[in-house]
Structure formats: C-alpha cells, structure tokens
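Everything on this sheet refers to the single structure shown next.
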Amino acid sequence: MRKALIIGGSSGLGLKLAEMLAPDYNVSVTGRRDPKNTLTWFHKLELDSDSLGKDLDALLLDLSEIDLLVYAAGFYQEGTIDDLSDRDLEKMNRIGLMAPAMILQRILNQQTKLPGFIAITSTSQWTPRLLEPMYTAVKAGLGMLASSIAKDSRVDKVLVAGPAGMDTRFWEKRPRDPNTIMLDPGWVSEKILDEWEGNFRYKFIRVLRGPERIEIIETR
C-alpha cells in the first residue's frame, strides 16, 4: 500500500487529512501528542529541536519510502517584529520553513522520486499582518519552496493550499471577532483532496470563507 507522511498530522486539519487519506494510504502522522487514532501510525516529532536532523533521519529510515508528503505543521506567534526575541524568530523559522526544507531534502536523498507533496500554508501566505511578521514570512516561504520543488523532475505533483481560519485548536488562544464563522476542517480537507485529484504538476489554491469557496490561483 502507498505511504503518506503528514507532518503536523496529530490534530486539526492535518489529522482530518490523515483520516480521509487512510483508505488509500498507510498514513503516518507526526506531532507532540499521540491522537490515539486507529487509522494512522503516530511518530512523536519535535520540530523545534536541536536534534531535528537526526530525528528526521530516523523517521524516514523507519518509513523507508514516502509516496505523499503533507506539511501541515504550524503554531501561533503574535507581536511586532521588535516584540519578538531571537528565539521566537528562530522557532518560527525552524517550524515553518527549515523543517519542511530538511524533510524534502532527506526524502529526495533517500528515494529517487516523490510522487506527491501537499503544502498547507494560510491566507497569511499573501496577506501582510503587523502582528504576525514571521508567521506570514514563513507561510510565504513555504509556498515558494513548494512552487520551486514542483520544478524538480523527481517530484511528480505539488499542491499548495492556503486556507482561511478554521475551527481548530490553533485558534484557541488567538483573539478574533466572536461573530466570525470559521471554516470546518473536515470541509477544508475534503476540498483540498478534491483539488489533489487530476493531472497537474503544480497547483496553488486558496480556501476562503465569506462565502466558503475554492479559488484556483495557478496550475501547470
């Protein structure tokens, strides 16, 4: 059976994607906490760790070969750029950009081809925000990383999906208008996997609310 690896797949959108992929893939998910989900295999992985390189080496050696990589990890960080410490900047960069780059690097070193890569970004990929300078930067960076990877002949297919705010744990501590209607992560997962179908090398979609809709920005 084909193998899928979802980084940040132990909760929220990542877990929903894992559950929906489970009928067609042997799905491994990573995170800090085991979701106790019988449809997936859990691997504890701390992305903000000095041992990340070694941990990724061990994980990928254990999984042997990956048919689909999904990067869905992220965390909330608020403050103007001068409010953030060097440690804050390093942590956001490591989780949002360095980790996916290191994973892709290792997969392509380990196997001759990667059939699929889905990068989950955010509306912050294209929307500047005063209090999220590093978050917007790494989401934009992840989008460009994925777009560039799509030009690699060893990677068959790349989808970049930028969803608006969803009703997940990610938003628990984020200030927001209580009247704002958040996207259902199950619906978002379904739409992302619908867009994953079809013949393309690269596709960039926005998953928006007010009203709920999919916008296909680029495909090739």
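Cross-link check: pairs K16/K191; K3/K157; K16/K44; K91/K113 evaluated at a Cα-Cα cut-off of 21 Å; pairs beyond the cut-off: K91/K113.
Positive end of the charge dipole of the chain (Lys, Arg +1 and Asp, Glu -1 on Cβ, about the Cα centre): tell me which of L60, N93, L108 has its Cα farthest that way. Value: L108. For the chain, the relative contact order works out to 18 percent when only alpha carbon pairs closer than 8 Å and six or more residues apart are counted. If only the Cβ of Lys and Arg carry +1 and only the Cβ of Asp and Glu carry -1, the dipole of segment 111-220 around its Cα centre is close to 380 debye. A simple charge model with +1 on the Cβ of Lys and Arg, -1 on the Cβ of Asp and Glu and nothing else charged puts the dipole of the chain at about 300 debye relative to its Cα centre. Each residue of segment 72-84 is assigned a 3J(HN,Hα), and the resulting list reads 10, 7, x, 8, 8, 9, 10, x, 5, 4, 7, 7, 8 Hz, derived from the Karplus form 6.51 cos²θ - 1.76 cosθ + 1.60 (θ = phi - 60°), x at Gly and Pro. Among S28, S64, the order of accessible area from largest down is S64, S28, computed with a 1.4 Å probe on protein heavy atoms.
Please say if segment 1-81 is rounded, prolate or oblate, where rounded means a/c under 1.5 for a ≥ b ≥ c the square roots of the C-alpha gyration tensor eigenvalues, and otherwise the choice is prolate for a/b larger than b/c and oblate otherwise? The shape class here is oblate. Between N93, N109, N26, the Gaussian network model of the chain with springs among Cα atoms under 10 angstrom shows the greatest mean-square fluctuation at N109. Largest mean-square fluctuation among D83, D152, D57, in a Gaussian network model of the chain whose springs join Cα atoms under 10 Å apart, belongs to D83. Spacing of the modelled spin labels on T38 and S147, each 7 Å from Cα toward Cβ, amounts to 4.4 nm.
Converting phi to 3J(HN,Hα) with the Karplus coefficients 6.51, -1.76 and 1.60 and the offset θ = phi - 60°, segment 113-123 yields 8, 10, x, x, 9, 10, 9, 9, 9, 4, 4 Hz in sequence order, with x at every glycine or proline.
Can you give the accessible area per residue of segment 88-220, in Å², using a 1.4 Å probe?
For segment 88-220, the per-residue accessible area is 49 Å².
Annotation: amide H-H contacts under 5 Å for G79 (H modelled 1.01 Å from N, sequence separation of 5 or more, or interchain): E132. Residues I192, I214, I149, I81, sorted by accessible area with the largest first, give I81, I214, I149, I192 [1.4 Å probe; ligands and nucleic acids excluded]. On segment 108-215, 50 percent of the accessible area sits on carbon and sulfur atoms, based on a 1.4 Å probe.
The values are calculated or read from the model by the stated rules, or taken from the named source; none is laboratory data. Note that the structure is predicted; figures quoted are calculated from it, not measured. For neighbour counting, all protein chains shown are included, and Cβ atoms are generated from backbone atoms with ideal geometry for every residue, glycine included. Side chains included, ligands, DNA and RNA excluded: accessible areas come from the protein's heavy atoms. Shrake-Rupley method; radii C 1.70, N 1.55, O 1.52, S 1.80 Å.
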